[in-house]
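Visitor: Below: one structure in structure tokens.
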Amino acid sequence: MHQVGIVMGSDSDWPVLKQAAEICEQFNVSYKAQVLSAHRTPFDMLDYAKTAHLHYQVLIAGAGGAAHLPGMIASATVLPVIGVPVANTALNGLDALLSIVQMPSGVPVATVGIGNAKNAGLLAVSILAVSTQSLQNSLQAYKDNMAIQSREKNKTLHTNLG
């Protein structure tokens, strides 16, 4: 069993969704990534969603354009779904963002910013950390490190400003 399922509408979305995979790797969270299209392979997508609870604990779904994949996955699973809008159209991902974030009542999809699969990965890890103390500790260390880096940047800024 993998902890996180990462799905995308096309392999051209992988450069964005790879950020979520990298976060999973950083936190030693197992994942499996694959291409599923709400439009080109709808029956495969629904089979995946219906059985996802047997294989995963959290799902991340990225899509561009009409971006139906995250919502359709969410409609057929009981697992939490995190949507990642991908900027691959003339609207630079705004169409995907609106499609994913405007789900009807009763079919929630947590949605991160356009192209921000890193945050999707962190949200997935946070969801898993609810029941895993070691992940809680790792996330706290991650946040503590971000704070240290931010303070260092502030020191560097003041040094460079003289």
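The values are calculated or read from the model by the stated rules, or taken from the named source; none is laboratory data. Because the structure is a prediction, the values reported are computed rather than measured. Every residue, glycine as well, gets a Cβ built from its backbone with ideal geometry; the counts of neighbours run over all protein chains shown.
Visitor: Mind checking which residues of region 28-42 are surrounded by fewer than 19 Cβ atoms within 10 Å (Cβ to Cβ) and either within 10 Å of residue 121 (Cα to Cα) or not β-branched (Val, Ile, Thr) (or both)? Break it down stepwise before answering.
Guide: Step one: filter region 28-42 for residues surrounded by fewer than 19 Cβ atoms within 10 Å (Cβ to Cβ), giving 28, 30, 32, 34-35, 37, 39-42.
Those that are surrounded by fewer than 19 Cβ atoms within 10 Å (Cβ to Cβ) and either within 10 Å of residue 121 (Cα to Cα) or not β-branched (Val, Ile, Thr) (or both): 28, 30, 32, 34, 37, 39, 40, 42.
Visitor: Restricted to region 104-151, and to residues that are of a type in the set (D, E, K, R) and outside the structural domain of residue 24 (by TED's automatic domain parsing), which residue is farthest from residue 18 (Cα to Cα)?
Guide: Among those residues, the one meeting the criterion is 151.
Visitor: Still on this model: Among the residues of region 25-75, what is the count of those that are assigned to a loop (DSSP other than H, G, I, E, B) and either within 13 Å of the chain's Cα centre (by Cα) or more than 16 Å from residue 9 (Cβ to Cβ) (or both)?
Guide: 7
Visitor: Give all pairs with beta carbons closer than 6 Å in which a residue from region 2-16 that is surrounded by 16 or more Cβ atoms within 10 Å (Cβ to Cβ) meets a residue that is aromatic (Phe, Trp, Tyr) and at pLDDT 95 or above; count only pairs at least 6 apart in sequence or on separate chains.
Guide: 4/31; 5/56; 6/31
Visitor: If you check residue 57 against the conditions, is it in contact (Cβ under 8 Å) with a residue 60 or more places away in the chain and polar (S, T, N, Q)?
Guide: For residue 57, the condition - in contact (Cβ under 8 Å) with a residue 60 or more places away in the chain and polar (S, T, N, Q) - is met.
Visitor: So residue 98 clears everything in (1) in a loop (DSSP other than H, G, I, E, B); (2) over 14 Å from residue 7 (Cα atoms) except one condition, right? Which one?
Guide: Failing condition for residue 98: (1).
Visitor: State all residues of region 124-162 that are in contact with a helix residue (DSSP H, G or I) (Cβ under 9 Å, 6 or more places away or on another chain) and closer than 30 Å to residue 92 by Cβ; if no residue qualifies, say none.
Guide: Selection gives 124, 125, 126, 142.
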